[in-house]
Structure formats: structure tokens, C-alpha cells
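The values are calculated or read from the model by the stated rules, or taken from the named source; none is laboratory data. Note that this is a predicted model, so its numbers are computed, not measured. When we count neighbours, we look across all protein chains shown, and the Cβ atoms used for this are built from the backbone with ideal geometry, even at glycine. We work out accessible area using only protein heavy atoms, side chains counted, and drop any ligands, DNA or RNA first. Shrake-Rupley method; radii C 1.70, N 1.55, O 1.52, S 1.80 Å.
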Amino acid sequence: SIKYIYFLLLNFEFQSTFNNTINKIMETQIPISNRDKSTHPNFMQRNALSIKIILIGALILLLLIPLAMIRGLITERQYTAYEAGNEVQEKWSSAQQVVGPFISIPYYEKREDITYENGESKRKIVTVANNLHILPESLEITGNIETEKLNRGLYEIVVYKTPLELKGKFILPKDFSNDIAAGNLFTGHASLNIGLSDLRGISRQPEVKWGNETLPLNPGLPANSILPSGISVPLPLNRYLQPGDTVDFSIKIHLKGSQSLKFAPFGKITNIKINSNCNTPSFCGAFLPENREVTDTGFTADWQILHLNRNYPQTFSGNRTLTSEELAVFGTELLLPVQQYQQSMRSVKYASLIIILTFVVSFFVEVMQKKHIHPFQYLLIGSALCLFYTLLIAISEHLGFTPAYLISALMTIILITLYLIGILKIRKTAFTIGGLLALLYTYIFVLIRMETYALLSGSLGLFVILAVIMYYSQKINWNTSSPN
């Protein structure tokens, strides 16, 4: 019995050992299978960083759509402002171009006309009406341009009033009648002409002092004139119109206009002096002022042009209308500096840069601080960055570009900073991103305001930004299977 009991105990121990061995084998086999599944991540897990970067890139491309719409909005608002300005200018008076004064004497000349009939050329002499134009020996023009602003809805349009005084003298060439048959030159129909581009701008009856006589100017120019519109007066018959005659003149015109005021250098020596209360002039045309001074209260400018500087003589004939380029006009533009649309358009060109840099910084924070930012949250941040430009356009129409830029930037920075605080739960990091965004907006504003060094500053700034991004990108393990 003792042997039997011993045998049972031995058999039980063996069975227990065998069962324990089997259980261990089973326990080790199941974890191996599970471990194989957990230690072999799927494709999404292995390429989480790359997929996140691709999604961010796709979001940036998606945000280009609202940016394009914003550009279209700026163009539309700019066109509306342009139309409002045109409407006011049409009712007030448009840009003025003053040409003259000059003397026109009609005459008839004979020309050979060649026609072709049945393959044969026929020649015949025809009589053609033409005009002989005599320009002044000296011409002095003085004026004081007083600008004022007219409102049309949200828009301000600059118009002006100016009394102009034109004075000088004519010296008729001693041989001007030798080139034209005496019987064909009608000095009795001579006229003194002044070209004006918009006769609606004449606010008072102009008069000309011709020698010792005072003559009233009338609307319209003689037939076949070299100018499309203007005022003129018939000259006294054969008085101061003989070869070699010298006559002084003085003309006063009260003129209204908008946009610009330009002149033609019709004198053998042309001197023009203009004063104005406009502090944002733009000198334009064929000649710049000899001297100019622009202050906060206005500007003064004076020109001196010789007949050698232009491409037409003191005496010439012609019966076709001359263009502004042929007349070599010059002067000043007096437009109100409504540049918010141009500046807004320039700022939109940097929108992609702001969005990319904001997304890159957010991505670096997500990876380095083990925080998760959903792609939809990236989209909301990008939408806030796009909304900045609509705020900028809307506010600038009321307050101007600089205050609008400051207000829009502050609103956008505060919104994104508060949103990042809620996402990241780290105030320091959120405020750091907000500060970087503020620096970026300041940098863009400086670039917009700069002209000469804008390209250089922009290139250097982008180089520094790229260097900083490359430096911090070295701290990221790009081979990790998860952005977190």
C-alpha cells in the first residue's frame, strides 16, 4: 500500500508538471501572436508624419480658393471706387489740359492729287484749306490750385479750382507770308486760340488783353484746328498781324477740373509756376519741374522749357488734331492717395507665406510637444488667416489702410492665440505662436510700405525664416511612426 501511495503521488506530480508545461507553452504562444500584431504597425501608423504633412499641404492648396476670391473682391471694390470717381468728375469737370495760346491764320494751298482709273494715273491740282499756326515768343503761366474733396458714398474724390494767368508776347516772323501766296493768306480771319480739354471747367468769363485792347473769348476753335476743343477770339483785322509785328498778351481763366492739370510748351521759352494746397502731387508728362517743394501744407513747382526741347517749330502749318504725345504736355496729377486697394492687393500676395509659416510652426509644436492638432483645426486656423484680408478691405474703406491693418491683425492674432490655448492647453506655447504671427504681420506691413528696398528686404527676410525652419526641423525625428 505504501508503494501504491508512492506511485500515485509520483504520477500526480508528473501530471501536474506536464500540465504546467503545456499551460506555459500556450501562454507564450498567444502573446507571441498578439505581439506580432502590435509590433508590426500598419501603413497609416508607419507614415503618420508624411500623411499629416500631405494633409497640411492639401489644406494650404484648398485655402488658395478663398484667397483668389479675396483678390476678386479687391478688384471689384477698386472698380467701384473708380466708377464713383468718374461719375463725380463728369459732373464737376474732368482732367484739364491747357494748350496755347497760339495764332491761327487760314489759307488755301494747291496740291497735286493723283488718282488711278483703268490702270492709268491722272494728275490734277486741288485747292485745300489749311492753317498757319504761330506760337508765342515767350509764355508765362501762373496758377494757384485749390483742391477740395467731394464724397460719393464711401469714396472721396479730389477736385480743384484754379485761376490761371497766361501772359507773354508774339513776334510774327518777318517772312511768314513769303512762303504762302499773299492772295491765299487770310489775315482778316486770324484767331487767337487756347486749347482746353473740358470747357465745363470754365467758371468765369475769360478775357484776353491783346495789345491795348480787351477781347472776350468765345467757345470753340476754328475749322481744321490742331486741337479738339477750346476757346478762341477773332483778332482785329490786320492789327499786329503784319510780318515782324510784336504784341503782348495777357489772359485770365478761372478753371475747374479733377485728376490732373497739364500744359503744352508752346512758347519759345515757356515758364510755368504752380502753387497748390495738395500735399500728394505726382508730376507727370514730358517734363519734370526744374524746382519743386512738397510739404504737409502743399507744393510749389516751376518748369522752364525751351522750344528746342519739343519736336515742333514756332511756326508751322497743319489741319489735323495733334495728340498729347505730339504736343509734349506735362503737369501734375492731383489724385487723392486712395491706395488702400493697391496696398490690400499687395498684402494678399503674402497670404500664402503667412498661412504656410503658421501651419509649419503649428506642426512643429504638434510633433515636438506631443500634441495633436486635427486637420479640421488647421483648416479653421487658415480660415481665420484668410478672414484677415476681408476685414482689412472693409475697415480700410472707412479708416484708411494703416489703422485697418492694425485692427485686422490684432483681431486675427487674438482669435488664433485663444484658439491655440484651447487646443494645446499650453498658454506659453500659444502666446509664442501669437507673438510670431504678430512679428510676421509687422514684417509684411513694412514690406508693403517700402518701395525701393522691398525686394531686397523681402528676400533677406525669407532667407532668415527658411534658415530658422531648417534649424528646428533637425530636432524632429522624421522616422517616427506618429506625429505624437
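The conditions of being surrounded by 15 or more Cβ atoms within 10 Å (Cβ to Cβ), touching a strand residue (DSSP E or B) at 6+ places or on another chain (Cβ under 7 Å) and either in a helix (DSSP H, G or I) or touching a residue at least 40 places away in the same chain (Cβ under 8 Å) (or both) are met by GLY331. Scanning the range 101-112 for residues that are more than 30 Å from LEU166 (Cβ to Cβ), surrounded by 12 or more Cβ atoms within 10 Å (Cβ to Cβ) and not acidic (Asp, Glu) yields a single hit, TYR108. The single condition from (1) surrounded by fewer than 15 Cβ atoms within 10 Å (Cβ to Cβ); (2) in a strand (DSSP E or B) that ASP175 fails is (2). Within the range 288-317, being farther than 30 Å from THR147 by Cβ and aliphatic (A, V, I, L, M) holds for LEU306, LEU308.
Scanning the range 129-160 for residues being touching a residue at least 12 places away in the same chain (Cβ under 8 Å) and over 30 Å from LEU308 (Cα atoms) gives a total of 14. Conditions: (1) of a type outside the set (S, T, N, Q); (2) modelled with pLDDT of 85 or more; (3) more than 32 Å from the chain's Cα centre (by Cα). ASP296 meets all but one. Number of the miss? Only one criterion is unmet by ASP296, namely (3). Each residue in the range 198-253 was checked for being of a type in the set (S, T, N, Q), in contact with a Leu (Cβ under 9 Å, 6 or more places away or on another chain), crowded, with 19+ Cβ neighbours inside 10 Å and not in a strand (DSSP E or B), and 0 pass.
In the range 281-303, the residues that are farther than 15 Å from GLY143 by Cα and free of Cβ contacts under 8 Å to residues at least 40 places away in the same chain reach residues that are aliphatic (A, V, I, L, M) and surrounded by 13 or more Cβ atoms within 10 Å (Cβ to Cβ) with C-beta atoms within less than 8 angstrom, at least six apart or across chains, in these pairs: ASN291/ALA301; GLU293/ALA301. Pull up the range 301-323, narrow it to residues that are charged (D, E, K, R) and part of a loop (DSSP other than H, G, I, E, B), then point me to the one that is nearest to LEU399 (Cα to Cα). Ranking the qualifying residues of the range 301-323, first place goes to ARG310. So is GLU165 among the charged types (D, E, K, R) and either touching a His at 6+ places or on another chain (Cβ under 7 Å) or open to solvent by 70 Å² or more (accessible area, probe 1.4 Å) (or both) or not? No: the conditions fail for GLU165.
Any chance the range 86-100 includes a residue that's open to solvent by less than 10 Å² (accessible area, probe 1.4 Å) and more than 28 Å from the chain's Cα centre (by Cα)? Yes: one or more hits.
Residues that are in contact (Cβ under 8 Å) with a residue 24 or more places away in the chain, open to solvent by 30 Å² or more (accessible area, probe 1.4 Å) and either among the polar types (S, T, N, Q) or in a strand (DSSP E or B) (or both) are absent from the range 113-125.
So which residues in the range 254-290 are in a loop (DSSP other than H, G, I, E, B) and not polar (S, T, N, Q), if there are any at all? If the condition is that a residue be in a loop (DSSP other than H, G, I, E, B) and not polar (S, T, N, Q), then ALA264, PRO265, PHE266, GLY267, LYS268, CYS278, PRO281, ALA286, PHE287, LEU288, PRO289, GLU290 are the ones that fit. In the set GLU293, GLU326, only one residue is acidic (Asp, Glu), under 30 Å from TYR108 (Cα atoms) and either in a strand (DSSP E or B) or open to solvent by 60 Å² or more (accessible area, probe 1.4 Å) (or both); that residue is GLU326. Just one of the numbered conditions (1) open to solvent by 90 Å² or more (accessible area, probe 1.4 Å); (2) modelled with pLDDT under 75 is not true of LEU61: (2). Screening the range 131-149 for residues that are open to solvent by 50 Å² or more (accessible area, probe 1.4 Å) and either modelled with pLDDT of 95 or more or assigned to a strand (DSSP E or B) (or both) and picking the one that is farthest from THR270 (Cα to Cα) gives LYS149.
Quick grid of which residues meet (1) closer than 23 Å to ASN130 by Cβ; (2) hydrophobic (A, V, I, L, M, F, W, C):
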| position | (1), (2) |
| --- | --- |
| LEU235 | yes, yes |
| LEU241 | yes, yes |
| ILE253 | no, yes |
| ILE269 | no, yes |
| ILE274 | no, yes |
| ASN277 | no, no |
